[in-house]
Every structure is written in structure tokens, then in C-alpha cells.
Amino acid sequence: MLLRFWRAFFLGLNVLPFPRSRYCCICKRDVLRFVPYRGGSMFMPPLARALKAVGSDVDHFECPHCGASDRDRHLVLYLRAAGLIARIPGARILHFAPEKHIAELISVHGPSLYIQADKFPTRAGIVELDLTRIAADDQSFDLVIANHVMEHVDDAKQSLAEIYRVLARGGFAILQTPFAPTLTRTFEDPGIQDRSARLHAYGQEDHVRMYGRDIAAVLASQGLVSRVKTHQELLPEIDAGRHGVNSSEPFLLFQKPIESQSHEPS
Ligand SMILES: [Zn+2]
């Protein structure tokens, strides 16, 4: 009830005739205030807050006009800055848990194949696909997008091996995932099954791990090569506050090596 009131309050703020200092790069409209996620950072579970977990900008989350989240906005900015939008025409793309706004952006740029997939599809046009057993041939995609998915996947190692398998040589994987830079190692424990326990341990009821500062190495452990870049490296001109994105969230981009190599999965 409190969170619903909080959300309605922030949505209501945006109809007031005040100068708009923020901007949604997806609907291209000025915004007075982005709507916080679940009330914002002060409602984050204590451990995630104490670990300074980096993920969504929960204080500046939802666009009051188009509903895009901060991670949608950040991904669009990152895709442009990394030159990946230019690679979409004619490309074969597999998109897990596809966000509506990102899916629209990809579709208009003319990929030759665009599969939107989810383990539990929620709308028409999304096929049922398990990230740990991708029903696709080897090297059949040029780009795999799993934006805030890996933190939900039980068998991350198998999923990463599958992403590696279905990517063409030189293909890219976008694996945005929350992590805590204060943790020296990625943390998960199969004994933490209860939703409440997961909320407290990992920051959300349906997360199954908290990645640590070893995140790039962990995500690259099955053969992908890290091409991770920080906000500052890729988007030095972008004011994170104005755009409602988390400047601490790097672009978690990975690439399958172009040359065949003897790969020893860890
Ligand atoms: Zn918007």
C-alpha cells in the first residue's frame, strides 16, 4: 500500500508545471522525476544496501511517460555508444526476457533473425526457451542479449556455456546483471531457496546469487572474452542523473573469440 502510494505520488509529480531537468532517451521526452522502484534505495534490503550493490538506479527508475526502466535507457545508450546498433541490420539476434522498448528498437533496425525468448513467456511473440538448454544450432546468432537475466538463472555456468555455443565467432553477448563491488567473490548458496531469504541474501526474492567484483571473470568463465566498459569510458558525455541511469553500472559486454581456440572451461 505504501509503495503504491509512493509510486502514484511520483507519477503525479510529473503533471506539475515545473521545469523538467531529466530526459528519457527512449520516448525522447523531458521528465520532472523518474519513478523510484519499490520506493527507492531506502527500501532496499539491508545487506544489498550495505554491500553497495550496483544494479538498477532504483531512485530514478521508471519513465512516467513510456514506462521504460533505467536499465532500458542505459542499455539503449550503451548499444549506441558501443556501435552495436549499427550491427543490427542483417544480424541474427537472440533476446532473452525481451524488454518491450529494446525489442522495438531492435526490430526497426532490420535484423535478419530476431528471436525473443523467455523461460516463461508473458506476451505474444515470445518463444519459450530455457537458457540452460537453448534449442538452437551452434553459432547461430551474432548477438545474444540477456539484460538482467543471469541473476535469476540457477545454473549460470551451463547458461554461459550455451550462450558461448550458440554465438557465432566474433558475436557479442550483453549480460547486464547486478553485482556488489564490495564482495571479493560471487556469492550463492543452494540452501538459500526461500523467497524471503533470497530477498535478504541477494537483494530480490527471485535472484539466486549476488555477483561480486569478479563478475567479469565469472561471466567469461565459459569461453567468452570480456569487453566490459564503464559508463565513463563509453558515455563520458552522458549525464547519468539527467538520463536516469546508474553511472556505476558498467556495460557487461562479452565476445566470442573470432579465432577458433582450444577452450578449457573452468
Ligand atoms: Zn520515456
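The values are calculated or read from the model by the stated rules, or taken from the named source; none is laboratory data. From a predicted model like this one, the values you see are computed outputs, not experimental measurements. Positions of Cβ are generated from backbone atoms using ideal geometry, with glycine treated the same way; all protein chains shown enter the neighbour counts.
Below are the figures for this structure:
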{"quantity": "Single unsatisfied condition, GLU99 versus (1) at pLDDT below 95; (2) surrounded by fewer than 20 Cβ atoms within 10 Å (Cβ to Cβ)", "calculated": "(2)"}
{"quantity": "Identity of the residue in the range 64-96, of a type outside the set (D, E, K, R) and within 11 Å of the ligand (Cβ to nearest atom), that ends up surrounded by the most Cβ atoms within 10 Å (Cβ to Cβ)", "calculated": "SER69"}
{"quantity": "Residue ranges of helices (runs of 4 or more DSSP H) in the range 186-266 with at least 3 members modelled with pLDDT of 95 or more, aromatic (Phe, Trp, Tyr) and within 30 Å of CYS63 (Cα to Cα)", "calculated": "none"}
{"quantity": "Residue under evaluation ASP138, criteria (1) touching a residue at least 12 places away in the same chain (Cβ under 8 Å); (2) surrounded by fewer than 16 Cβ atoms within 10 Å (Cβ to Cβ); (3) farther than 23 Å from GLY90 by Cα, criterion not met", "calculated": "(3)"}
{"quantity": "Test: residue in the range 42-63 that is without any contact (Cβ under 8 Å) to a residue 12 or more places away in the chain, surrounded by fewer than 23 Cβ atoms within 10 Å (Cβ to Cβ), more than 21 Å from ALA146 (Cβ to Cβ) and within 11 Å of the ligand (Cβ to nearest atom)", "calculated": "no"}
{"quantity": "Hey, HIS148 within 15 Å of the chain's Cα centre (by Cα), surrounded by 15 or more Cβ atoms within 10 Å (Cβ to Cβ) and either under 21 Å from VAL208 (Cβ atoms) or of a type outside the set (Val, Ile, Thr) (or both) or not", "calculated": "yes"}
{"quantity": "Residue among ALA124, ALA173 that alone is in contact with a helix residue (DSSP H, G or I) (Cβ under 9 Å, 6 or more places away or on another chain), over 19 Å from GLN204 (Cβ atoms) and not aromatic (Phe, Trp, Tyr)", "calculated": "ALA173"}
{"quantity": "Leading residue by the ranking (modelled with the lowest pLDDT) among those in the range 39-65 that are in contact with a strand residue (DSSP E or B) (Cβ under 9 Å, 6 or more places away or on another chain) and farther than 23 Å from PHE251 by Cα", "calculated": "LEU47"}
{"quantity": "Qualifying residue in the range 177-185 (condition: surrounded by 20 or more Cβ atoms within 10 Å (Cβ to Cβ), assigned to a strand (DSSP E or B) and of a type in the set (A, V, I, L, M, F, W, C))", "calculated": "yes"}
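Matching residues to (1) among the β-branched types (Val, Ile, Thr); (2) surrounded by fewer than 21 Cβ atoms within 10 Å (Cβ to Cβ):
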{"position": "PHE187", "(1), (2)": "no, yes"}
{"position": "ILE192", "(1), (2)": "yes, yes"}
{"position": "HIS200", "(1), (2)": "no, yes"}
{"position": "GLU205", "(1), (2)": "no, yes"}
{"position": "VAL225", "(1), (2)": "yes, yes"}
{"position": "LYS229", "(1), (2)": "no, yes"}
{"position": "GLU249", "(1), (2)": "no, no"}
{"position": "LEU252", "(1), (2)": "no, no"}
{"position": "GLU259", "(1), (2)": "no, yes"}
